[in-house]
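Comments concern the structure below.
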Amino acid sequence: MTLSRHFEFGVQASRQIKSRFTVGRYFLARWRYSSKRRVPNCPVRAWRGHFYWLFLMREKNVMQLSETPTVHETALLQNSTLGSWTEVESNVSLRDVELGAYSQVGQSARIASCKIGKFCTVGEGVRIHPTVHPSWRASQHPITYLAEKFDLGANDAAYLAENAQEQVTIGHDVHIGAGAVIMPGSNVGTGAVVVAGAVVAGEVEPYTVVAGTPATRLNRRFSPDHSLSLLEMAWWDWSHDVLKERLADMRDLAIDAFVEKFAPLG
């Protein structure tokens, strides 16, 4: 089958089947089929990587955000506040959370008792402030502090209150990779990067990159002087119009040039 014929079939399928079966998924299906059958000289097999990424990116919807927070219908919010231009994706749980402007929370994240700054990205499946199981007790099972759930009497209110008080603080412009865990009482500084799968228990300095279990510092994003300049500049407090005006420089300028141009302006 020629490449044009593959594309024609994919377009027809996406038009006829009114579901999430798109051209991208058609090519992915053809790629898997060709790989298993080992079809010789199959153009989809030869270019499967290119087709997969090309159409996967084309089929991904880019949602237009606004000053009103965008919250997926499956997300659960309890006693939480969201800033402007924020996004909360599907199956997210936020309990006692303050989410700063422009910050985003990825699918299936679970966050409790946490203050998150502006311009943060929280990856899929992240856990922030998970319940600490009382391993010092005869049983660490939730029956010891969530007894009502199991019809065993009253909850352990003192334990639950103490656990909730250990709030997590996330600075501005922080990236938390998919599957990372931030333990109660931790403080992640502005500009930090928490690598996917890391477990943070304690302090993460501003503009550092941490990874591992427990998380340890790999390197710094910028020099201490540049980091200090960015903290003093506090670009995350710029207005929406100023951000739009200076976005090109934020994209294109090296950090030293960016700091030299904007640090005095604040």
Out of curiosity, is Thr190 within 15 Å of Gly117 (Cβ to Cβ), buried (at least 19 other Cβ atoms within 10 Å of the Cβ), under 19 Å from the mean Cα position of the chain (by Cα) and polar (S, T, N, Q)?
yes
Could you grab me the full set of residues in the range 243-266 that are under 25 Å from the mean Cα position of the chain (by Cα) and over 17 Å from Tyr207 (Cβ atoms)?
Leu243, Lys244, Arg246, Leu247, Ala248, Asp249, Arg251, Asp252
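In the range 237-266, how many residues are in a loop (DSSP other than H, G, I, E, B) and surrounded by 11 or more Cβ atoms within 10 Å (Cβ to Cβ)?
So the answer is 3.
Test Leu231 against the stated conditions and say whether it is within 23 Å of the chain's Cα centre (by Cα), part of a helix (DSSP H, G or I) and touching a residue at least 24 places away in the same chain (Cβ under 8 Å).
On the way: within 23 Å of the chain's Cα centre (by Cα): yes; part of a helix (DSSP H, G or I): yes; touching a residue at least 24 places away in the same chain (Cβ under 8 Å): yes.
So Leu231 fits the description; yes.
Could you tell me which of the residues Gly212, Gly185 is under 21 Å from Arg95 (Cα atoms) and of a type outside the set (A, V, I, L, M)?
On the way: Gly212 fails: under 21 Å from Arg95 (Cα atoms).
When all the criteria are applied, what remains is Gly185.
Going through the range 111-153 one residue at a time, which ones are of a type in the set (Lys, Arg), at pLDDT 95 or above and farther than 16 Å from Glu166 by Cβ? Show your work before the answer.
Just the residues of the range 111-153 that are of a type in the set (Lys, Arg), to begin with: 115, 118, 127, 137, 149.
Next cut, at pLDDT 95 or above only: 115, 118, 127.
Hit for the range 111-153 is Lys118, nothing else.
Taking the range 114-126 as the region of interest, how many residues are of a type outside the set (A, V, I, L, M) and buried (at least 19 other Cβ atoms within 10 Å of the Cβ)?
Keep residues of the range 114-126 that are of a type outside the set (A, V, I, L, M), which gives 114-115, 117-121, 123-125.
If we keep only those that are buried (at least 19 other Cβ atoms within 10 Å of the Cβ) too, we end up with 114, 117-120, 123.
Total satisfying the criteria: 6.
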I'd like to know if the range 212-233 contains one or more residues that are within 30 Å of Val132 (Cα to Cα) and small (Gly, Ala, Ser).
yes
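The values are calculated or read from the model by the stated rules, or taken from the named source; none is laboratory data. As the structure is a prediction and not an experimental result, all values here were calculated from the model. Cβ sites come from the backbone with ideal geometry, for glycine too, and all protein chains shown count toward neighbours.
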